[in-house]
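Structure, as structure tokens:
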């Protein structure tokens, strides 16, 4: 597949050579039982990892080789793969334990609340419903009082500031030497 553009032909040929090196490196790694990752295959093939990500078919071959069965007679590769699977299993087990602990905590909390409410009700110590409503209303009214006091304090501060400004202006208007200074400046 040659074109009239030698630069394009050169790039295609280079890409084909790189692809062959990646495929050869992958086959050698599978045969030798080495690590099967995009980084290790790219390193052994002498290409950049981005080359693998630009050629998704090569990346899929690497992932298929990772998931595939081991070649026979590879004790070292079996140890590496089983270690990776054990680490994955361990992470999954820890995540499951965390989820179960959260679920158990939530269930214990719910059970505690239900048992407490039941014991409170059976003991007769609980307040009648009307008292609870009144206490709720008292809380609402107390909150309104606090809000109104805050608004009153704000308005009192504004009023004090306005009074102070008014006093200052009145003292300037009523100052007796103001006219004397103006007459002196007019005379000169």
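Considering every residue within the stretch 104-124, establish whether at least one is out of contact with any helix residue (DSSP H, G or I) (no Cβ under 9 Å at 6 or more places or on another chain) and not in a helix (DSSP H, G or I). The answer is yes, given that some residue of the stretch 104-124 is out of contact with any helix residue (DSSP H, G or I) (no Cβ under 9 Å at 6 or more places or on another chain) and not in a helix (DSSP H, G or I). Among residues that are surrounded by 14 or more Cβ atoms within 10 Å (Cβ to Cβ) and more than 16 Å from residue 65 (Cα to Cα), residue 11 is not included.
Number of residues in the stretch 54-67 that are exposed (fewer than 11 other Cβ atoms within 10 Å of the Cβ) and over 25 Å from residue 12 (Cβ atoms) equals 1. Please list, ordered by first then second residue, the pairs with beta carbon atoms under 8 Å, 6 or more apart or interchain, first in the stretch 9-23 and assigned to a helix (DSSP H, G or I), second surrounded by fewer than 13 Cβ atoms within 10 Å (Cβ to Cβ). Cβ pairs passing all conditions: 9/2; 9/3; 12/1; 21/46. With respect to (1) assigned to a loop (DSSP other than H, G, I, E, B); (2) out of contact with any helix residue (DSSP H, G or I) (no Cβ under 6 Å at 6 or more places or on another chain); (3) within 21 Å of residue 84 (Cβ to Cβ), the lone exception for residue 36 is condition (2).
Residues are listed down the side, and each one gets a yes or a no for (1) at positive phi; (2) at pLDDT 85 or above; (3) surrounded by 10 or more Cβ atoms within 10 Å (Cβ to Cβ); (4) touching a strand residue (DSSP E or B) at 6+ places or on another chain (Cβ under 8 Å):
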position: 148; (1), (2), (3), (4): no, yes, yes, no
position: 156; (1), (2), (3), (4): no, yes, yes, no
position: 162; (1), (2), (3), (4): no, yes, yes, no
position: 167; (1), (2), (3), (4): no, yes, yes, no
position: 174; (1), (2), (3), (4): no, no, no, no
position: 177; (1), (2), (3), (4): no, no, no, no
position: 182; (1), (2), (3), (4): no, no, yes, no
position: 188; (1), (2), (3), (4): no, no, no, no
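The values are calculated or read from the model by the stated rules, or taken from the named source; none is laboratory data. Just so we're clear, the structure is a prediction, and the values are computed from it rather than from any experiment. So basically every Cβ, Gly included, is an ideal-geometry build from the backbone, and we count neighbours across all protein chains shown.
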